[in-house]
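Engineer: Got a structure here, written out as structure tokens. Questions coming.
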Amino acid sequence: LAKTTQPISMDSYEGQEVNITCSHNNIATNDYITWYQQFPSQGPRFIIQGYKTKVTNEVASLFIPADRKSSTLSLPRVSLSDTAVYYCLVGDTRNNQGGKLIFGQGTELSVKP
Amino acid sequence: EAQVTQNPRYLITVTGKKLTVTCSQNMNHEYMSWYRQDPGLGLRQIYYSMNVEVTDKGDVPEGYKVSRKEKRNFPLILESPSPNQTSLYFCASTPLGISTDTQYFGPGTRLTVL
């Protein structure tokens with residue numbers, strides 16, 4: 001199964017773009033890459049998911065290179081409320097061969113005024 | 001309202017006293033999963049279930065049991081809790097199929113084993 005590695009922490013300032021990279025060298029063909037956000041004392045919340053190239057939604061963008069061995073979550077113009085832990089998840093729950101999911105250890109993002 | 005509920009939210013118990021943490025979802029999701037979260041270790045999957053009567057081990061299944069008799073419920077059972085099972089536990093569910101497999105997480109259960 002793909003093990004994921006992320007930076008432990010990152011600092012940023014309000015209004016800046018933040019990029020958090022996750023490496024998943026052993027990602028399988030069927031695996032998707034999903035990012036979650038977690039605030040203290042709450043369950044993780046879905047941000048974005050992708051399989052390859054680029055995905056964008058109203059919250060973030062996800063960049064996945066052709067070899068899929070890493071992915072980068074991009075948060076445009078962060079605010080103080082984006083201070084949270086961000087988790088990268090690799091896995092595939094879509095078929096009976098999959099089901100096991102591996103979270104990274106999380107990146108603690110601190111946004112300062 | 002679509003949600004995943006867990007009970008209890010907080011529990012303090014003693015070593016060896018059997019306990020069950022319930023998890024229920026009202027979204028008719030096939031896939032359900034339990035995680036534990038510990039400082040510095042992130043979220044680790046304990047068990048998951050692809051559907052009713054189908055369960056499988058995650059990364060840290062030792063000391064835990066689960067059952068999936070109904071689609072909506074996925075209880076986590078600690079037959080003989082030990083202090084190293086003190087942790088924050090999350091239940092999650094997701095639909096299977098071609099739509100996004102976003103996981104919906106419950107609010108968490110903070111367990112302390114003395």
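The values are calculated or read from the model by the stated rules, or taken from the named source; none is laboratory data. Quick caveat: nothing in here was measured; it's all calculated off a predicted structure. Backbone-built Cβ (ideal geometry, glycine too); neighbour counts: all protein chains shown.
Engineer: Regarding the range B:19-38, can at least one residue be identified that is of a type outside the set (V, I, T), away from chain A (no Cβ under 14 Å) and more than 20 Å from B:T102 (Cα to Cα)?
Structural biologist: yes
Engineer: In the range B:48-66, what residues are more than 10 Å from chain A (Cβ to nearest Cβ) and hydroxyl-bearing (S, T, Y)?
Structural biologist: Kept after step one, since they are more than 10 Å from chain A (Cβ to nearest Cβ), are these residues of the range B:48-66: B:52-53, B:60-66.
Across the range B:48-66, the qualifying residue is only B:Y64.
Engineer: Also, quick follow-up: Hand me the list of strands (runs of 3 or more DSSP E) wholly inside the range A:11-113 holding 1 or more residues that are buried (at least 18 other Cβ atoms within 10 Å of the Cβ) and at pLDDT 90 or above. Please lay out each step first, then the result.
Structural biologist: Numbers: elements: A:18-23, A:32-38, A:45-50, A:53-56, A:61-64, A:70-75, A:84-91, A:101-103, A:107-112.
Answer list for the range A:11-113: A:18-23, A:32-38, A:45-50, A:61-64, A:70-75, A:84-91, A:107-112.
Engineer: For the range B:70-79, how many residues are closer than 10 Å to B:L19 by Cβ and over 13 Å from the mean Cα position of the chain (by Cα)?
Structural biologist: Of the residues in the range B:70-79, 1 are closer than 10 Å to B:L19 by Cβ and over 13 Å from the mean Cα position of the chain (by Cα).
Engineer: Another question, then. Which of (1) at pLDDT 90 or above; (2) assigned to a loop (DSSP other than H, G, I, E, B); (3) among the polar types (S, T, N, Q) does B:T102 not meet, given it meets every other one?
Structural biologist: Evaluating B:T102 over (1) at pLDDT 90 or above; (2) assigned to a loop (DSSP other than H, G, I, E, B); (3) among the polar types (S, T, N, Q) leaves (1) as the failure.
Engineer: Also, quick follow-up: Could you list, in sequence order, the residues of the range A:18-68 that are under 15 Å from A:K3 (Cα atoms) and charged (D, E, K, R)?
Structural biologist: A:D31, A:R68
Engineer: Here is a check on your reading of the model: is A:G43 small (G, A, S) and within 14 Å of another protein chain (Cβ to nearest Cβ)? Outline the logic, then answer.
Structural biologist: Numbers: small (G, A, S): yes; within 14 Å of another protein chain (Cβ to nearest Cβ): yes.
It is true that A:G43 is small (G, A, S) and within 14 Å of another protein chain (Cβ to nearest Cβ).
Yes or no, residue by residue, for (1) in contact with a Pro (Cβ under 8 Å, 6 or more places away or on another chain); (2) outside any loop (DSSP other than H, G, I, E, B); (3) buried (at least 20 other Cβ atoms within 10 Å of the Cβ):
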| position | (1), (2), (3) |
| --- | --- |
| B:P61 | no, no, no |
| B:S80 | no, no, no |
| B:N84 | no, yes, no |
| B:L88 | no, yes, no |
| B:C91 | no, yes, yes |
